[in-house]
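Student: I have a structure I would like to understand better, so I am pasting it below and will then ask my questions one at a time.
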Amino acid sequence: MKKMLAIVLTIALLLGMAPAFADGETITLKVWGSQEDQELLGILIDAFKAENADKTWDISLGVVGEPDAKTRYLEDPAAAADVFAFANDQLIDLVNADALYEVTRNLDAIVAANSAGSVESASLDGVLYGYPMAADNGYFLYYDKSVFTEEDVQTLDGLLAKANEAGKKVFMDVSNGWYIASFFMGAGCSLTLDENGNQLCDFNSEAGLAAGEAIRAFTADPAFLTGDDSVLTGGMGDTIAAGVSGTWNAEAIQKKLGENYAAVKLPTFTANGEQIQMASFIGTKVIGVNTQTQFPVEAMMLAEYLTNEASQAKRFEMRQIGPTNLNVAASDAVKANIALAALSAQGSFGVSQKLVLGTYWTPAEAFGTAMENKSTDDMQTMLDAMVAQIVGE
């Protein structure tokens with residue numbers, strides 16, 4: 001019913017007929033965004049109202065960041081924002097909760113304007129459920145140019161050899177399932193769903209075994225260092241010469257490294273005597289329209305505006321957020337951003353985390369922790385146990 005209503009309302013809008021219930025009324029909308037986005041959203045909403053001055057708008061802002069959007073929505077869908085930003089790994093749960101209108105208005109133009117990966121990340125079973133907004137949720141390799149050459153950083157073996165020679169460390173949070181998956185997915189393993197929506201995982205396959213042994217070798221190396229973001233940003237340029245992280249640490253790392261600041265895609269690693277490119281999880285941020293909004297067409301208009309080319313350019317200008325819009329991504333300003341250029345290069349080896357369920361994270365963390373603690377247990381047994389927990393056997 002809600003899908004049909006969205007289609008009918010969109011057709012009406014395309015024919016130039018405003019919905020009767022909105023005619024002459026004040027259109028009241030609530031928008032959720034992160035604390036960091038409040039100033040930007042205020043500017044964009046003012047511009048939206050100015051460009052649509054034929055209607056009377058009452059648009060309020062609420063502070064709910066993308067990571068918390070699903071939880072807050074499910075607490076009280078009727079009280080949730082009409083337009084809200086969320087991380088794309090929440091898409092399945094939001095769709096299952098009938099939370100999101102399908103994107104029907106200007107669909108072809110929206111798909112054409114944004115990267116194929118970002119459109120896929122906001123889609124389920126071929127249906128687009130949100131407006132791609134940002135492509136900054138991924139990771140790559142930061143490094144100190146005074147320690148490593150461009151050739152050194154192409155392989156994990158090269159990084160570790162040079163780091164040991166220089167008395168430095170290579171950082172990666174291996175006990176975090178988000179990062180450790182880069183070895184398994186690079187080797188060809190996957191996290192998918194079966195026809196009933198249950199998690200499937202083949203990290204205990206032959207390819208997974210090779211990846212597991214590569215992780216063990218990495219964590220056993222004297223140059224390996226783990227920890228949280230504060231360890232990386234605090235040690236970079238001092239004890240740490242290279243580290244895997246994302247754009248959120250770019251400013252801090254650039255300040256520490258100065259003219260030696262550099263970033264690149266993740267390196268290859270050795271498995272079964274071959275060099276294999278490390279993959280990565282990639283995530284996007286999306287704006288959705290609440291199915292319980294009283295003004296669906298106007299909410300769609302606003303969601304589209306907040307994610308259009310001009311708005312994504314403004315988002316990059318103010319917050320250095322990676323765009324999904326193809327024209328903005330191709331701009332000189334974005335290309336000159338070292339961290340975003342590295343993220344873009346890694347994007348060719350990225351895997352959407354949309355199909356990763358909550359059962360994955362704790363077992364993956366436990367396995368990674370065992371690797372960091374230099375476990376010598378049988379690898380196949382460890383992987384079998386991890387996968388059994390992930391898939392709920």
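Student: If I model a spin label at LEU107 and GLU150 as a point 7 Å from the Cα along the Cα→Cβ vector, what separation in nanometres do I get?
Tutor: Once both label points are built, they end up 4.4 nm from each other.
Student: Charges on Cβ only, +1 for Lys and Arg, -1 for Asp and Glu, centred on the Cα centroid of the chain; of PHE48, VAL356, GLY288, which one is farthest towards the dipole's positive end?
Tutor: Going by the Cα projections, it comes out as PHE48.
Student: For the pair ALA50 and LEU326, how long in nm is the line joining their label points, each one 7 Å along Cα→Cβ?
Tutor: 3.0
Student: Report relative contact order for the chain in percent, whole number only (criteria: Cα-Cα under 8 Å, sequence separation at least 6).
Tutor: Relative contact order of the chain: 25 percent.
Student: Loop only by DSSP, 11 or fewer other Cβ within 10 Å of the Cβ. Give me the trypsin sites (Lys or Arg not before Pro) in the range 106-212 that pass, ordered by residue number. Spell out each step's value before the answer.
Tutor: Working: sites: LYS145, LYS162, LYS168, LYS169; in loops: LYS145, LYS168.
Those that pass, being in a loop and sparsely packed, number zero.
Student: Given a 10 angstrom Cα cut-off, can you work out which residue in LEU326, LEU225, LEU128 is the most mobile in a GNM of the chain?
Tutor: LEU326
Student: Return P(r) of the range 13-164 (all Cα-Cα pairs; 10 Å bins starting at 0; whole %; ordered from short to long distances).
Tutor: Going from the shortest bin to the longest, the percentages are 9, 27, 31, 16, 10, 5, 2, 0.
Student: Convex hull over the Cα atoms of the range 156-296, averaged projected area in nm²?
Tutor: Orientation-averaged projected area of the Cα hull: 12.2 nm².
Student: Next up: Run the 1.4 Å probe and let me know the accessible area of VAL63, rounded to the nearest 10 Å².
Tutor: 80
Student: In terms of Cα to Cα distance under 21 Å, which lysines are near enough to LYS255, apart from those fewer than 8 places away along the same chain?
Tutor: The qualifying lysines are LYS145, LYS168, LYS169, LYS265, LYS335.
Student: Roughly what would the spin-label model give for ASP238 and MET318, points 7 Å off Cα along C-beta, in nm?
Tutor: 3.5
Student: Would you please calculate the Kirkwood hydrodynamic radius of the range 276-373 over all C-alpha pairs and express it in Å, rounded to one decimal? Before the final figure, lay out each step's value.
Tutor: Working: mean 1/r = 0.0608 Å⁻¹.
Computed over the range 276-373, the radius equals 16.5 Å.
Student: From Cα pairs below 8 angstrom and at least 6 apart in sequence, can you work out the relative contact order of the range 146-283, rounded to a whole percent?
Tutor: So the answer I get is 35 percent.
Student: Along its principal axes, what span do the Cα atoms of the range 185-245 show, with the longest given first and each in whole Å?
Tutor: Result for the range 185-245: principal-axis Cα extents of 49, 23, 14 Å.
Student: Compute the label zone of THR381 within the range 199-223: residues whose backbone N is under 17 Å from the point 7 Å along Cα-to-Cβ.
Tutor: Hits in the range 199-223 for THR381 at 17 Å: 204, 209, 213.
Student: Determine, from the Cβ-Cβ distance of LEU200 and GLU120 and an R0 of 22 Å, the FRET efficiency 1/(1 + (r/R0)^6), rounded to the nearest 0.05.
Tutor: The formula returns an efficiency of 0.75 here.
Student: What does the convex hull of the alpha-carbon atoms of the range 103-150 project to on average, in nm²?
Tutor: 4.8
Student: From largest accessible area down, sort THR28, THR369; use a 1.4 Å probe on the protein chains. Write down the numbers at each step before the final one.
Tutor: Working: THR28 70, THR369 50 Å².
So the residues, ranked largest to smallest area, are THR28, THR369.
Student: Once the dipole of the chain is set up with Lys and Arg at +1 and Asp and Glu at -1 on Cβ about the Cα centre, which of ASN327, GLY130, PHE148 lies farthest towards its positive end?
Tutor: Final value for the positive-end residue is ASN327.
Student: Something else about it: As a check on your grasp of the helix formula, calculate [θ] at 222 nm for the chain: sum -39500 (n - 2.57) over DSSP H runs of n ≥ 4, divide by the residue count, round to the nearest 500.
Tutor: The helix-only estimate for the chain comes to -12500 deg cm²/dmol at 222 nm.
Student: What is the distance in Å between the Cα centroid of the range 125-204 and that of the range 296-353?
Tutor: 21
Student: Tell me, what is the FRET efficiency for ALA388 and ILE43 to the nearest 0.05, using R0 = 51 angstrom and their Cβ-Cβ distance as r?
Tutor: About 0.50, to the nearest 0.05.
Student: In 5 Å bins starting at zero, report the fraction of Cα pairs in the range 84-184 per bin as a rounded %.
Tutor: 2, 10, 17, 14, 12, 10, 9, 9, 8, 6, 2, 0
Student: Let me ask another. How large is the charge dipole for the chain, taken about the Cα centre, if only the Cβ atoms of Lys, Arg (+1) and Asp, Glu (-1) carry charge, to the nearest 20 debye?
Tutor: Taking the Cα centre of the chain as origin, the dipole is about 580 debye.
Student: Another question about this same structure. Accessible area per residue for the chain in Å², computed with a 1.4 Å probe and the full protein assembly in place, what is it?
Tutor: Values: 16750 Å² over 393 residues.
Computed with neighbouring chains in place, this is 43 Å² per residue.
Student: How many percent of the accessible area of the chain is carbon or sulfur, using a 1.4 Å probe?
Tutor: Summing carbon and sulfur atoms, their accessible area is 51 percent of the total for the chain.
Student: Under 5 Å between amide H atoms, partner at least 5 residues away or on a different chain: which partners does ALA262 have, H built in plane at 1.01 Å?
Tutor: TYR143, LYS145
The values are calculated or read from the model by the stated rules, or taken from the named source; none is laboratory data. If you're wondering where the values come from, they're calculated on a predicted model, not measured in any experiment. All Cβ positions, glycine included, derive from the backbone under ideal geometry; neighbour counts span all protein chains shown. Ligands, DNA and RNA are stripped out before the accessible areas are found, and what is left, the full protein with its side chains, is counted by its heavy atoms. Shrake-Rupley method; radii C 1.70, N 1.55, O 1.52, S 1.80 Å.
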